[in-house]
(Lines give C-alpha, C1' and ligand atoms only; values in the text may rest on other atoms or scores of the structure.)
Protein backbone atom coordinates (compact mmCIF):
# COMPACT_ATOMS: atom_id res chain seq x y z
CA UNK A 1 0.00 0.00 0.00
CA UNK A 2 1.21 3.49 -0.82
CA UNK A 3 2.39 5.51 2.19
CA UNK A 4 1.93 9.28 2.08
CA UNK A 5 4.33 11.93 3.27
CA UNK A 6 2.83 13.46 6.42
CA UNK A 7 3.61 16.93 7.76
CA UNK A 8 2.45 18.22 11.12
CA UNK A 9 1.63 21.85 10.37
CA UNK A 10 2.34 24.33 13.20
CA UNK A 11 -0.61 26.36 14.44
CA UNK A 12 1.04 29.54 13.17
CA UNK A 13 1.40 28.13 9.66
CA UNK A 14 -0.74 30.02 7.12
CA UNK A 15 -2.16 26.69 5.96
CA UNK A 16 -4.28 26.70 9.09
CA UNK A 17 -5.50 30.26 8.69
CA UNK A 18 -6.81 32.25 5.75
CA UNK A 19 -4.54 32.55 2.75
CA UNK A 20 -5.06 33.54 -0.86
CA UNK A 21 -5.61 30.28 -2.82
CA UNK A 22 -2.67 30.64 -5.20
CA UNK A 23 -0.36 31.58 -2.31
CA UNK A 24 -1.53 28.46 -0.50
CA UNK A 25 -0.94 26.41 -3.66
CA UNK A 26 2.63 27.75 -3.99
CA UNK A 27 3.34 26.84 -0.40
CA UNK A 28 2.02 23.29 -0.84
CA UNK A 29 3.84 22.86 -4.15
CA UNK A 30 7.10 23.69 -2.39
CA UNK A 31 6.78 20.36 -0.56
CA UNK A 32 7.28 18.53 -3.86
CA UNK A 33 10.48 17.81 -5.77
CA UNK A 34 9.90 20.31 -8.59
CA UNK A 35 12.35 22.92 -9.95
CA UNK A 36 12.41 26.30 -8.22
CA UNK A 37 11.13 28.96 -8.19
CA UNK A 38 7.49 27.85 -8.11
CA UNK A 39 4.55 30.04 -9.07
CA UNK A 40 0.88 29.08 -8.83
CA UNK A 41 -2.03 30.11 -11.04
CA UNK A 42 -5.71 29.26 -11.09
CA UNK A 43 -6.49 26.40 -13.49
CA UNK A 44 -9.71 27.08 -15.45
CA UNK A 45 -10.18 23.48 -16.68
CA UNK A 46 -10.62 21.95 -13.23
CA UNK A 47 -13.23 19.21 -13.03
CA UNK A 48 -16.51 19.06 -11.15
CA UNK A 49 -15.09 17.00 -8.28
CA UNK A 50 -11.57 18.17 -7.46
CA UNK A 51 -12.17 21.92 -7.40
CA UNK A 52 -8.83 22.71 -5.76
CA UNK A 53 -6.68 22.39 -8.89
CA UNK A 54 -3.88 24.82 -9.73
CA UNK A 55 -1.38 25.31 -12.53
CA UNK A 56 2.16 25.37 -11.13
CA UNK A 57 5.08 26.75 -13.15
CA UNK A 58 8.49 25.64 -11.92
CA UNK A 59 12.04 26.66 -12.90
CA UNK A 60 13.40 29.63 -14.79
CA UNK A 61 13.11 30.59 -18.44
CA UNK A 62 13.77 29.05 -20.87
CA UNK A 63 13.57 25.76 -18.94
CA UNK A 64 10.27 26.12 -17.09
CA UNK A 65 7.93 23.17 -16.60
CA UNK A 66 4.20 23.14 -15.98
CA UNK A 67 2.47 21.00 -13.36
CA UNK A 68 -1.02 20.49 -11.99
CA UNK A 69 -1.44 20.60 -8.22
CA UNK A 70 -4.64 19.00 -6.99
CA UNK A 71 -6.28 18.34 -3.67
CA UNK A 72 -8.39 15.19 -3.51
CA UNK A 73 -11.98 16.04 -2.61
CA UNK A 74 -12.47 14.08 0.61
CA UNK A 75 -16.16 14.91 0.79
CA UNK A 76 -16.54 12.68 -2.26
CA UNK A 77 -13.57 10.33 -1.85
CA UNK A 78 -13.62 9.53 1.84
CA UNK A 79 -10.68 7.11 1.53
CA UNK A 80 -8.08 9.16 -0.38
CA UNK A 81 -5.29 6.70 0.38
CA UNK A 82 -7.08 4.00 -1.64
CA UNK A 83 -7.65 6.48 -4.48
CA UNK A 84 -3.93 7.24 -4.67
CA UNK A 85 -2.89 3.62 -4.25
CA UNK A 86 -5.05 2.63 -7.23
CA UNK A 87 -3.79 5.57 -9.27
CA UNK A 88 -0.14 4.66 -8.66
CA UNK A 89 -0.79 1.01 -9.55
CA UNK A 90 -2.63 2.02 -12.72
CA UNK A 91 0.19 4.29 -13.87
CA UNK A 92 2.82 1.65 -13.17
CA UNK A 93 0.82 -0.94 -15.10
CA UNK A 94 0.45 1.38 -18.09
CA UNK A 95 4.19 2.08 -18.16
CA UNK A 96 5.06 -1.62 -18.01
CA UNK A 97 2.68 -2.32 -20.87
CA UNK A 98 4.15 0.50 -22.95
CA UNK A 99 7.63 -0.87 -22.32
CA UNK A 100 6.47 -4.27 -23.61
CA UNK A 101 5.22 -2.69 -26.85
CA UNK A 102 1.48 -3.07 -26.22
CA UNK A 103 0.72 0.29 -27.89
CA UNK A 104 -0.32 -0.12 -31.55
CA UNK A 105 2.13 1.09 -34.18
CA UNK A 106 1.70 4.73 -35.13
CA UNK A 107 -0.07 5.68 -31.90
CA UNK A 108 1.11 7.92 -29.08
CA UNK A 109 0.12 7.62 -25.43
CA UNK A 110 1.11 9.67 -22.41
CA UNK A 111 0.68 8.52 -18.85
CA UNK A 112 0.35 10.90 -15.94
CA UNK A 113 3.64 11.52 -14.13
CA UNK A 114 3.31 12.04 -10.39
CA UNK A 115 5.98 14.28 -8.87
CA UNK A 116 7.39 12.90 -5.63
CA UNK A 117 7.37 14.83 -2.39
CA UNK A 118 10.71 16.02 -1.02
CA UNK A 119 11.03 12.76 0.90
CA UNK A 120 10.17 10.59 -2.08
CA UNK A 121 6.49 9.79 -1.55
CA UNK A 122 3.94 9.90 -4.42
CA UNK A 123 1.56 12.32 -2.70
CA UNK A 124 1.41 14.69 0.22
CA UNK A 125 -0.70 14.42 3.35
CA UNK A 126 -1.19 17.49 5.51
CA UNK A 127 -2.52 17.20 9.02
CA UNK A 128 -3.68 20.13 11.12
CA UNK A 129 -6.50 21.01 13.51
CA UNK A 130 -8.96 20.76 10.63
CA UNK A 131 -7.91 17.23 9.81
CA UNK A 132 -6.00 15.75 6.91
CA UNK A 133 -5.88 16.85 3.31
CA UNK A 134 -4.23 14.98 0.47
CA UNK A 135 -2.44 16.67 -2.43
CA UNK A 136 -0.72 15.42 -5.58
CA UNK A 137 1.49 17.18 -8.11
CA UNK A 138 1.40 15.94 -11.71
CA UNK A 139 3.41 16.93 -14.76
CA UNK A 140 1.05 18.71 -17.15
CA UNK A 141 0.85 16.71 -20.37
CA UNK A 142 1.96 19.13 -23.10
CA UNK A 143 0.49 20.02 -26.49
CA UNK A 144 -2.94 18.55 -25.94
CA UNK A 145 -6.51 19.75 -25.74
CA UNK A 146 -9.81 18.59 -24.31
CA UNK A 147 -13.47 18.80 -25.34
CA UNK A 148 -16.42 18.95 -23.01
CA UNK A 149 -18.83 18.03 -25.79
CA UNK A 150 -18.87 16.97 -29.41
CA UNK A 151 -20.83 20.16 -30.07
CA UNK A 152 -17.58 22.11 -29.67
CA UNK A 153 -16.50 20.64 -33.01
CA UNK A 154 -17.91 22.48 -36.00
CA UNK A 155 -18.22 19.88 -38.77
CA UNK A 156 -19.93 16.50 -38.77
CA UNK A 157 -16.80 14.86 -40.16
CA UNK A 158 -14.72 16.21 -37.27
CA UNK A 159 -17.31 15.04 -34.74
CA UNK A 160 -17.17 11.50 -36.12
CA UNK A 161 -13.37 11.50 -36.08
CA UNK A 162 -13.34 12.74 -32.49
CA UNK A 163 -15.85 10.09 -31.40
CA UNK A 164 -13.76 7.41 -33.13
CA UNK A 165 -10.62 8.63 -31.39
CA UNK A 166 -12.39 8.54 -28.02
CA UNK A 167 -13.38 4.94 -28.68
CA UNK A 168 -9.81 4.16 -29.66
CA UNK A 169 -8.54 5.86 -26.48
CA UNK A 170 -10.73 3.67 -24.31
CA UNK A 171 -9.42 0.57 -26.10
CA UNK A 172 -5.79 1.63 -25.64
CA UNK A 173 -6.35 2.35 -21.95
CA UNK A 174 -8.07 -1.02 -21.51
CA UNK A 175 -5.27 -2.91 -23.22
CA UNK A 176 -2.58 -1.11 -21.22
CA UNK A 177 -4.28 -1.82 -17.90
CA UNK A 178 -5.72 -5.29 -18.62
CA UNK A 179 -3.01 -7.00 -16.55
CA UNK A 180 -3.37 -4.75 -13.50
CA UNK A 181 -3.61 -6.74 -10.27
CA UNK A 182 -7.09 -6.19 -8.83
CA UNK A 183 -6.74 -8.49 -5.81
CA UNK A 184 -6.50 -5.56 -3.41
CA UNK A 185 -8.43 -3.04 -5.48
CA UNK A 186 -11.57 -1.56 -3.91
CA UNK A 187 -14.07 0.96 -5.19
CA UNK A 188 -13.19 4.55 -4.18
CA UNK A 189 -16.94 5.18 -4.00
CA UNK A 190 -18.49 2.15 -2.25
CA UNK A 191 -21.69 1.19 -4.04
CA UNK A 192 -20.79 3.01 -7.26
CA UNK A 193 -21.80 1.05 -10.38
CA UNK A 194 -23.63 -1.48 -8.20
CA UNK A 195 -26.94 -1.53 -10.04
CA UNK A 196 -28.56 -3.67 -7.35
CA UNK A 197 -27.91 -0.90 -4.82
CA UNK A 198 -29.59 1.66 -7.08
CA UNK A 199 -32.69 -0.49 -7.60
CA UNK A 200 -32.89 -1.11 -3.83
CA UNK A 201 -32.64 2.62 -3.16
CA UNK A 202 -35.49 3.30 -5.59
CA UNK A 203 -37.64 0.66 -3.90
CA UNK A 204 -36.89 2.07 -0.45
CA UNK A 205 -37.67 5.63 -1.50
CA UNK A 206 -40.92 4.59 -3.20
CA UNK A 207 -41.89 2.89 0.07
CA UNK A 208 -41.31 6.21 1.82
CA UNK A 209 -38.74 4.87 4.30
CA UNK A 210 -37.41 7.59 6.61
CA UNK A 211 -35.38 5.58 9.12
CA UNK A 212 -32.71 2.93 8.80
CA UNK A 213 -34.94 0.50 10.68
CA UNK A 214 -37.62 0.91 8.03
CA UNK A 215 -35.10 0.49 5.21
CA UNK A 216 -33.23 -2.39 6.89
CA UNK A 217 -34.44 -5.21 4.57
CA UNK A 218 -33.14 -3.29 1.54
CA UNK A 219 -29.80 -2.07 2.90
CA UNK A 220 -26.55 -3.59 1.55
CA UNK A 221 -25.06 -6.42 3.54
CA UNK A 222 -21.52 -5.19 2.96
CA UNK A 223 -20.76 -2.90 5.95
CA UNK A 224 -18.58 -0.49 3.94
CA UNK A 225 -21.17 -0.11 1.18
CA UNK A 226 -23.92 0.24 3.76
CA UNK A 227 -22.12 2.98 5.65
CA UNK A 228 -21.44 4.90 2.45
CA UNK A 229 -24.92 4.61 0.96
CA UNK A 230 -27.48 4.16 3.73
CA UNK A 231 -28.63 7.80 3.79
CA UNK A 232 -29.60 7.48 0.14
CA UNK A 233 -32.15 4.80 1.03
CA UNK A 234 -34.13 7.37 3.01
CA UNK A 235 -36.58 10.14 2.14
CA UNK A 236 -35.31 13.58 3.18
CA UNK A 237 -38.30 15.79 2.28
CA UNK A 238 -41.67 16.34 4.00
CA UNK A 239 -44.32 13.63 3.44
CA UNK A 240 -46.58 15.87 1.36
CA UNK A 241 -43.76 16.82 -1.02
CA UNK A 242 -42.59 13.22 -1.25
CA UNK A 243 -46.11 12.08 -2.11
CA UNK A 244 -46.40 14.80 -4.76
CA UNK A 245 -43.17 13.69 -6.38
CA UNK A 246 -43.96 9.98 -6.31
CA UNK A 247 -47.42 10.62 -7.80
CA UNK A 248 -46.14 13.07 -10.42
CA UNK A 249 -47.85 12.09 -13.73
CA UNK A 250 -44.64 12.92 -15.58
CA UNK A 251 -42.83 10.17 -13.67
CA UNK A 252 -45.49 7.46 -13.62
CA UNK A 253 -44.25 5.80 -16.81
CA UNK A 254 -40.59 6.00 -15.81
CA UNK A 255 -41.14 4.56 -12.33
CA UNK A 256 -42.98 1.62 -13.86
CA UNK A 257 -40.26 1.24 -16.49
CA UNK A 258 -37.57 1.08 -13.81
CA UNK A 259 -39.48 -1.50 -11.81
CA UNK A 260 -39.87 -3.73 -14.87
CA UNK A 261 -36.20 -3.62 -15.87
CA UNK A 262 -34.44 -4.74 -12.69
CA UNK A 263 -33.53 -8.19 -14.02
CA UNK A 264 -32.10 -6.70 -17.20
CA UNK A 265 -30.36 -3.88 -15.32
CA UNK A 266 -28.27 -6.32 -13.28
CA UNK A 267 -27.06 -8.28 -16.33
CA UNK A 268 -23.45 -7.09 -16.17
CA UNK A 269 -23.19 -7.85 -12.46
CA UNK A 270 -24.55 -11.36 -12.95
CA UNK A 271 -22.22 -12.05 -15.88
CA UNK A 272 -19.21 -11.00 -13.79
CA UNK A 273 -20.33 -13.06 -10.82
CA UNK A 274 -20.68 -16.11 -13.06
CA UNK A 275 -17.17 -15.42 -14.47
CA UNK A 276 -18.55 -15.34 -18.01
CA UNK A 277 -16.92 -11.92 -18.41
CA UNK A 278 -13.79 -10.61 -16.71
CA UNK A 279 -13.52 -8.25 -13.78
CA UNK A 280 -10.75 -5.74 -14.49
CA UNK A 281 -9.56 -2.35 -13.27
CA UNK A 282 -11.86 0.08 -15.07
CA UNK A 283 -11.48 3.85 -15.33
CA UNK A 284 -14.94 4.59 -13.93
CA UNK A 285 -15.60 8.01 -15.52
CA UNK A 286 -15.16 7.93 -19.29
CA UNK A 287 -16.70 11.29 -20.16
CA UNK A 288 -15.23 13.05 -23.19
CA UNK A 289 -13.30 15.70 -21.28
CA UNK A 290 -11.22 13.06 -19.50
CA UNK A 291 -9.58 12.21 -22.84
CA UNK A 292 -6.65 14.31 -24.05
CA UNK A 293 -6.10 14.82 -27.78
CA UNK A 294 -2.94 15.90 -29.59
CA UNK A 295 -3.02 19.50 -30.77
CA UNK A 296 -0.93 18.52 -33.81
CA UNK A 297 -2.60 15.32 -35.02
CA UNK A 298 -5.99 15.26 -33.29
CA UNK A 299 -5.28 11.72 -32.12
CA UNK A 300 -6.14 10.64 -28.60
CA UNK A 301 -3.06 10.58 -26.37
CA UNK A 302 -4.20 10.05 -22.76
CA UNK A 303 -7.05 9.20 -20.43
CA UNK A 304 -6.78 11.19 -17.23
CA UNK A 305 -8.69 11.75 -13.96
CA UNK A 306 -7.83 8.42 -12.36
CA UNK A 307 -9.82 8.85 -9.14
CA UNK A 308 -12.51 6.25 -9.88
CA UNK A 309 -10.40 3.20 -10.78
CA UNK A 310 -12.30 0.19 -9.49
CA UNK A 311 -12.91 -3.52 -10.15
CA UNK A 312 -15.70 -3.98 -12.71
CA UNK A 313 -16.16 -4.88 -16.36
CA UNK A 314 -14.79 -2.60 -19.10
CA UNK A 315 -18.30 -2.76 -20.55
CA UNK A 316 -19.35 -0.20 -17.93
CA UNK A 317 -16.73 2.25 -19.26
CA UNK A 318 -17.79 1.55 -22.84
CA UNK A 319 -21.47 1.92 -21.95
CA UNK A 320 -20.97 5.20 -20.15
CA UNK A 321 -18.94 6.72 -22.99
CA UNK A 322 -21.29 5.57 -25.76
CA UNK A 323 -24.36 6.63 -23.76
CA UNK A 324 -23.09 10.16 -23.25
CA UNK A 325 -21.63 10.78 -26.70
CA UNK A 326 -24.53 9.34 -28.70
CA UNK A 327 -27.16 11.32 -26.78
CA UNK A 328 -28.20 14.05 -29.22
CA UNK A 329 -30.08 16.23 -26.73
CA UNK A 330 -27.71 16.38 -23.78
CA UNK A 331 -28.63 15.58 -20.18
CA UNK A 332 -30.94 18.50 -19.29
CA UNK A 333 -33.37 18.51 -22.22
CA UNK A 334 -36.97 19.09 -21.12
CA UNK A 335 -38.51 18.20 -24.47
CA UNK A 336 -38.15 14.43 -24.42
CA UNK A 337 -39.04 14.21 -28.11
CA UNK A 338 -35.56 15.61 -28.77
CA UNK A 339 -33.84 12.77 -26.91
CA UNK A 340 -32.48 10.66 -29.75
CA UNK A 341 -29.56 8.31 -30.41
CA UNK A 342 -27.02 9.48 -32.96
CA UNK A 343 -26.19 6.15 -34.59
CA UNK A 344 -23.44 7.76 -36.67
CA UNK A 345 -21.60 8.71 -33.47
CA UNK A 346 -22.37 5.30 -31.96
CA UNK A 347 -20.83 3.60 -34.99
CA UNK A 348 -17.74 5.84 -34.88
CA UNK A 349 -17.10 5.01 -31.23
CA UNK A 350 -17.56 1.29 -31.89
CA UNK A 351 -15.23 1.43 -34.89
CA UNK A 352 -12.51 3.18 -32.91
CA UNK A 353 -12.82 0.80 -29.99
CA UNK A 354 -13.16 -2.52 -31.78
CA UNK A 355 -10.51 -1.77 -34.42
CA UNK A 356 -8.00 -1.13 -31.62
CA UNK A 357 -8.85 -3.31 -28.61
CA UNK A 358 -6.94 -6.57 -28.34
CA UNK A 359 -7.58 -7.74 -24.79
CA UNK A 360 -11.31 -8.34 -25.05
CA UNK A 361 -13.35 -11.52 -25.31
CA UNK A 362 -16.20 -12.62 -27.53
CA UNK A 363 -18.54 -12.92 -24.53
CA UNK A 364 -17.80 -9.30 -23.61
CA UNK A 365 -18.28 -7.96 -27.14
CA UNK A 366 -21.62 -9.80 -27.28
CA UNK A 367 -22.79 -7.57 -24.39
CA UNK A 368 -21.70 -4.22 -25.81
CA UNK A 369 -25.17 -3.25 -27.03
CA UNK A 370 -26.77 -4.14 -23.70
CA UNK A 371 -24.04 -2.35 -21.74
CA UNK A 372 -24.93 1.03 -23.22
CA UNK A 373 -28.59 0.46 -22.40
CA UNK A 374 -27.78 -0.68 -18.85
CA UNK A 375 -25.68 2.38 -18.02
CA UNK A 376 -28.39 4.73 -19.35
CA UNK A 377 -30.98 2.85 -17.28
CA UNK A 378 -28.75 2.89 -14.21
CA UNK A 379 -28.05 6.62 -14.43
CA UNK A 380 -31.71 7.39 -15.07
CA UNK A 381 -32.69 5.49 -11.93
CA UNK A 382 -30.03 7.30 -9.91
CA UNK A 383 -31.23 10.74 -10.98
CA UNK A 384 -34.92 9.92 -10.57
CA UNK A 385 -34.45 8.31 -7.15
CA UNK A 386 -32.46 11.30 -5.98
CA UNK A 387 -35.25 13.65 -6.99
CA UNK A 388 -37.85 11.49 -5.23
CA UNK A 389 -35.91 11.43 -1.93
CA UNK A 390 -34.91 15.10 -1.94
CA UNK A 391 -31.63 15.47 -3.89
CA UNK A 392 -29.33 14.03 -1.26
CA UNK A 393 -26.68 12.81 -3.71
CA UNK A 394 -26.70 15.00 -6.82
CA UNK A 395 -26.73 18.25 -4.93
CA UNK A 396 -28.37 21.25 -6.57
CA UNK A 397 -26.55 24.55 -7.00
CA UNK A 398 -28.41 27.73 -5.94
CA UNK A 399 -29.12 28.53 -9.58
CA UNK A 400 -30.34 25.03 -10.51
CA UNK A 401 -34.09 24.45 -11.00
CA UNK A 402 -35.56 22.33 -8.18
CA UNK A 403 -36.65 19.61 -10.63
CA UNK A 404 -33.25 19.25 -12.34
CA UNK A 405 -32.72 15.66 -11.21
CA UNK A 406 -36.24 14.77 -12.31
CA UNK A 407 -35.41 16.10 -15.79
CA UNK A 408 -32.06 14.31 -15.83
CA UNK A 409 -33.71 11.06 -14.82
CA UNK A 410 -36.39 11.30 -17.50
CA UNK A 411 -33.78 12.10 -20.16
CA UNK A 412 -31.67 9.04 -19.31
CA UNK A 413 -34.65 6.71 -19.08
CA UNK A 414 -35.96 8.04 -22.40
CA UNK A 415 -32.48 7.51 -23.83
CA UNK A 416 -32.65 3.93 -22.54
CA UNK A 417 -35.88 3.43 -24.51
CA UNK A 418 -34.38 5.01 -27.64
CA UNK A 419 -31.33 2.73 -27.33
CA UNK A 420 -33.70 -0.24 -27.10
CA UNK A 421 -35.43 0.97 -30.27
CA UNK A 422 -32.06 1.05 -32.03
CA UNK A 423 -30.73 -2.20 -30.57
CA UNK A 424 -30.84 -4.20 -33.80
CA UNK A 425 -28.91 -1.52 -35.69
CA UNK A 426 -26.44 -1.20 -32.79
CA UNK A 427 -25.84 -4.97 -32.86
CA UNK A 428 -25.20 -4.92 -36.59
CA UNK A 429 -22.81 -2.00 -36.11
CA UNK A 430 -20.79 -3.84 -33.46
CA UNK A 431 -20.78 -7.07 -35.47
CA UNK A 432 -19.37 -5.13 -38.44
CA UNK A 433 -16.22 -4.23 -36.49
CA UNK A 434 -16.03 -7.13 -34.05
CA UNK A 435 -13.02 -9.47 -34.38
CA UNK A 436 -15.38 -12.22 -33.21
CA UNK A 437 -18.04 -11.79 -35.90
CA UNK A 438 -21.73 -11.93 -34.98
CA UNK A 439 -22.54 -10.60 -31.51
CA UNK A 440 -25.96 -12.17 -31.05
CA UNK A 441 -26.45 -13.68 -27.60
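The table that follows gives values for the structure above.
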item	result
Any hit, the stretch 332-339, residues being farther than 22 Å from residue 253 by Cβ, crowded, with 19+ Cβ neighbours inside 10 Å and in contact with a strand residue (DSSP E or B) (Cβ under 9 Å, 6 or more places away or on another chain)	no
Single unsatisfied condition, residue 272 versus (1) in contact (Cβ under 8 Å) with a residue 60 or more places away in the chain; (2) touching a strand residue (DSSP E or B) at 6+ places or on another chain (Cβ under 9 Å); (3) farther than 30 Å from residue 142 by Cβ	(1)
Selection within the stretch 126-137 - out of contact with any helix residue (DSSP H, G or I) (no Cβ under 8 Å at 6 or more places or on another chain) and either part of a loop (DSSP other than H, G, I, E, B) or crowded, with 17+ Cβ neighbours inside 10 Å (or both)	129, 130, 133
Complete set of residues in the stretch 154-185 that are within 21 Å of residue 355 (Cβ to Cβ) and in a loop (DSSP other than H, G, I, E, B)	178
Residue 170 being buried (at least 20 other Cβ atoms within 10 Å of the Cβ), over 18 Å from the mean Cα position of the chain (by Cα) and either at pLDDT 95 or above or farther than 30 Å from residue 81 by Cα (or both)	no
Residue in the stretch 93-122 that is farthest from the chain's Cα centre (by Cα), counting only those that are under 18 Å from residue 55 (Cβ atoms) and crowded, with 18+ Cβ neighbours inside 10 Å	115
Residue check, residue 2 farther than 23 Å from residue 304 by Cα, modelled with pLDDT under 60 and surrounded by 13 or more Cβ atoms within 10 Å (Cβ to Cβ)	no
Breaking point among (1) farther than 21 Å from residue 200 by Cα; (2) surrounded by fewer than 18 Cβ atoms within 10 Å (Cβ to Cβ), for residue 277	(2)
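Matching residues to (1) touching a helix residue (DSSP H, G or I) at 6+ places or on another chain (Cβ under 7 Å); (2) crowded, with 17+ Cβ neighbours inside 10 Å; (3) in the same structural domain as residue 405 (by TED's automatic domain parsing):
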residue	(1), (2), (3)
304	yes, yes, yes
307	yes, yes, yes
330	no, no, yes
344	yes, no, yes
362	no, no, yes
367	yes, yes, yes
371	yes, yes, yes
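Yes/no per residue for (1) under 28 Å from residue 263 (Cα atoms); (2) outside any helix (DSSP H, G or I); (3) at pLDDT 95 or above:
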site	(1), (2), (3)
311	yes, yes, yes
318	yes, no, yes
322	yes, no, yes
347	yes, no, yes
353	yes, no, yes
357	no, yes, yes
381	yes, no, yes
391	yes, yes, yes
405	yes, no, yes
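The values are calculated or read from the model by the stated rules, or taken from the named source; none is laboratory data. All of these numbers come straight from a predicted model, not from anything done at the bench. Because the Cβ atoms are built from the backbone with ideal geometry, glycine has one as well, and the counts that use them run over all protein chains shown.
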